[in-house]
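Asker: Sending over a structure as structure tokens; questions will come in a sec.
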Amino acid sequence: MTTSPGRSDIRSALVALLTAAVTIAGVATLVTTIPAAEAAVPAAAVEDEGAGCAVPALPDGGSLPTIAKLPDPFTRLNGTRITSTSDWQCRRAEIKKLAERFVYGEKPAKPATVTGTVSSTTITVNVSHNGRSSSFSAKVELPSGSGPFPAVVVLGGFGADTAGIKAAGAAVINYDPYAVGKEGTPRNNKQGAFYSIYGASSSTGLLVAWAWGVSRIIDVIEQSNGSILRADATGVTGCSRFGKGAIVTGAFDQRIALTMPIESGSAGAPIFRGIPGEGAQSLSSAYGEQPWLGDAFGSFTGSPARLPVDTHELVAMVAPRGLFIMDNPHIANLGPKSASVAALGGAEVYKALGAGANITYWSDVQDGTHCANRPEWRTPLQQHIQKFLLRTGTAPGAIRISSRAAGNLAEWRDWQTPALTSTPPSSSTPSPSAPSTGSPSPSSPSSGSPSPSAPVPGAGCTATVSVNAWNGGFVATVKVTAGASGTNGWTVGMTVPAGATVTSSWNADRTGTSGAVQFSNVAYNGRIGAGQATEFGFQATGTAGPMTPTCSAS
């Protein structure tokens, strides 16, 4: 088996799972304890171990078949299945290319020149490539004791238990993703250090741009004298939109030893195929709210079953390195049921690689506040830091799924996990068989979101609204359906609940933030065919309540 220098062999034996159901505060929780491995698998020495793999031509986006169930992570693009742990490196490279092409946009290789400095308070990064340059910096907080320290990059400084991280013995690198990829920009005029190098019209979305920034921070740490921070012990975390960035960052840079996304929601951990049936933020909403996802994903917001890749394979891209997914079962808008399916599907790759003890998914929490520092996570957080960054611990992985939002992997797959050998396969290659394209539709996951409002007739269109709420805020998704004549433009009016304030909206222009608010189409979604529909959405602070939208068309 081929390994990176200093990287331990991955055992191929499947890890036994011991599963039990427990009841806490009247809510049943699925608890799966994964026996600890002898040692955590170290991070790779390079950003992309599969950079030299020969990846076949990718499928054409316009002719992709509809496959209702999750793609088989063990089946190559040529239709054959991997048989050895050493095959995973190049299979992962295929998944990476698919994810870049159809979901996130390309993450470029290391730029021509990366320089910078590391001090006890700051990291500076300077990048030059093809005649263009950019720079950014990040703040450093050291724990007590003497270094060099492992470090956890915290995206956005929001939701992460930084006190717990430092108490465990790791430094905190406070990284501002907006310096590298700014939100609030149109797709054809993206801004930030990444786009200063690769162009404002780059088709790469913000999540990969943010991941690129973390990779450049690691480059600078590698170049430093190592007296302050260790280059071989980096973690990444973030909550909400920064949780989306954290899981993408860990998937796309194999030097990251520990990836810890928190409540990442749509465009993060939840499987794309499951989001429409769960009542989570819709894919069109996530795509339109910010340019988080790559431009190419716009073709799949209404047909995720056409995607040749899904987020269980994003989870698998992290394997066999440390992964701790923290989720909130109380907010359906975050898609926790679909996130649990992604974790369970990705865990099958971990198990096949003999690294089942390196993945944890934890949605068994009592407080439903978005991005709260939860006592349930403090101990496993510190255990993961000890195991994967300090390399002094051996705590086992665990799957703790709240029954409030428990996904069922069996409903989403028609493939089985192979027993991979620990030696390279023989030179003979079986004849490829075409991947199945006729999988039956899965049972739709039940939705915990409120029922949509009844359509209110208007001049040429109708509108319905669905709301996902949490303590102190809510997200509303509004579906606009054209009448028999279609529309060339539309306007939706509604009165938001008393005390509520609209803070952001997507896929629509907005007039007003409270009381009677009016939304109208933007350039790309005003024309709707007869009987067809489009969606827009908004987020608000305050308490959710009934809203009755009216729709008029032009």
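The values are calculated or read from the model by the stated rules, or taken from the named source; none is laboratory data. Since the model is a prediction, treat every value here as computed from it, not as a measurement. Glycine also receives a Cβ, built like all others from the backbone with ideal geometry; neighbour counts cover every protein chain displayed.
Asker: Looking at (1) closer than 22 Å to Phe252 by Cβ; (2) among the aliphatic types (A, V, I, L, M); (3) surrounded by fewer than 24 Cβ atoms within 10 Å (Cβ to Cβ), which is the one condition that is false for Ile325?
Answerer: Against the list (1) closer than 22 Å to Phe252 by Cβ; (2) among the aliphatic types (A, V, I, L, M); (3) surrounded by fewer than 24 Cβ atoms within 10 Å (Cβ to Cβ), Ile325 comes up short only on (3).
Asker: Mind listing whichever residues of region 72-93 are over 23 Å from the mean Cα position of the chain (by Cα) and in a helix (DSSP H, G or I)?
Answerer: Residues satisfying the conditions are Thr85, Ser86, Asp87.
Asker: Another question about this same structure. When you scan region 161-181, do you find a residue that is touching a residue at least 40 places away in the same chain (Cβ under 8 Å), outside any loop (DSSP other than H, G, I, E, B), among the β-branched types (Val, Ile, Thr) and within 24 Å of Thr117 (Cβ to Cβ), even just one?
Answerer: Taking every residue of region 161-181 in turn, at least one turns out to be touching a residue at least 40 places away in the same chain (Cβ under 8 Å), outside any loop (DSSP other than H, G, I, E, B), among the β-branched types (Val, Ile, Thr) and within 24 Å of Thr117 (Cβ to Cβ).
Asker: Also, I was wondering about something else. Would you pick out the residues in region 94-133 that are part of a strand (DSSP E or B) and not hydrophobic (A, V, I, L, M, F, W, C)?
Answerer: Thr113, Thr115, Gly116, Thr117, Thr122, Thr124, Asn126, Ser128, His129, Arg132, Ser133
Asker: Would you check which residues across region 352-392 are polar (S, T, N, Q) and surrounded by fewer than 23 Cβ atoms within 10 Å (Cβ to Cβ) and list them?
Answerer: Matches in region 352-392: Gln366, Thr369, Asn373, Thr379, Gln382, Gln383, Gln386, Thr392.
Asker: Could you check region 406-423 and list, in sequence order, the residues that are outside any loop (DSSP other than H, G, I, E, B) and modelled with pLDDT under 95?
Answerer: Of everything in region 406-423, just one residue is outside any loop (DSSP other than H, G, I, E, B) and modelled with pLDDT under 95, namely Thr421.
Asker: Could you list, in sequence order, the residues of region 52-71 that are assigned to a loop (DSSP other than H, G, I, E, B) and either of a type in the set (Asp, Glu) or within 24 Å of the chain's Cα centre (by Cα) (or both)? Write out each step before concluding.
Answerer: Start the filter on region 52-71 by keeping residues that are assigned to a loop (DSSP other than H, G, I, E, B), which leaves 52-60, 64-71.
Result: Val55, Leu58, Pro59, Asp60, Leu64, Pro65, Thr66, Ile67, Ala68, Lys69, Leu70, Pro71.
Asker: Can you name the residue in region 383-405 that is in contact with a helix residue (DSSP H, G or I) (Cβ under 6 Å, 6 or more places away or on another chain) and either among the small types (Gly, Ala, Ser) or at pLDDT 95 or above (or both) and, of all such residues, is nearest to Arg81 (Cα to Cα)?
Answerer: Initial filter on region 383-405 (in contact with a helix residue (DSSP H, G or I) (Cβ under 6 Å, 6 or more places away or on another chain)): 392-393, 395-397, 401, 405.
Imposing the further condition that a residue be either among the small types (Gly, Ala, Ser) or at pLDDT 95 or above (or both) reduces the set to 393, 395, 397, 401, 405.
Working: Gly393: 34, Ala395: 32, Gly397: 27, Ile401: 30, Ala405: 32 Å.
Looking at the filtered set, the residue picked out is Gly397.
Asker: Take the residues in region 140-157 that are under 24 Å from the mean Cα position of the chain (by Cα) and more than 21 Å from Gln383 (Cβ to Cβ); name whichever of them is surrounded by the fewest Cβ atoms within 10 Å (Cβ to Cβ).
Answerer: Going through the qualifying residues, I end up with Gly157.
Asker: Can I ask one more? Please find, among Lys97, Lys166, Lys139, Lys110, the residue that is touching an Asp or Glu at 6+ places or on another chain (Cβ under 7 Å) and closer than 24 Å to Ser264 by Cβ.
Answerer: Lys166
Asker: Still on this structure, I have one more. Going through region 507-554 one residue at a time, which ones are of a type in the set (Val, Ile, Thr), in contact (Cβ under 8 Å) with a residue 60 or more places away in the chain and crowded, with 18+ Cβ neighbours inside 10 Å? It would help to see each step written out before you state the result.
Answerer: The initial filter retains those residues of region 507-554 that are of a type in the set (Val, Ile, Thr), namely 511, 513, 517, 522, 528, 534, 541, 543, 548, 550.
Retained after the next criterion (residues that are in contact (Cβ under 8 Å) with a residue 60 or more places away in the chain): 528, 534, 541, 543, 548, 550.
Ile528, Thr534, listed by residue number.
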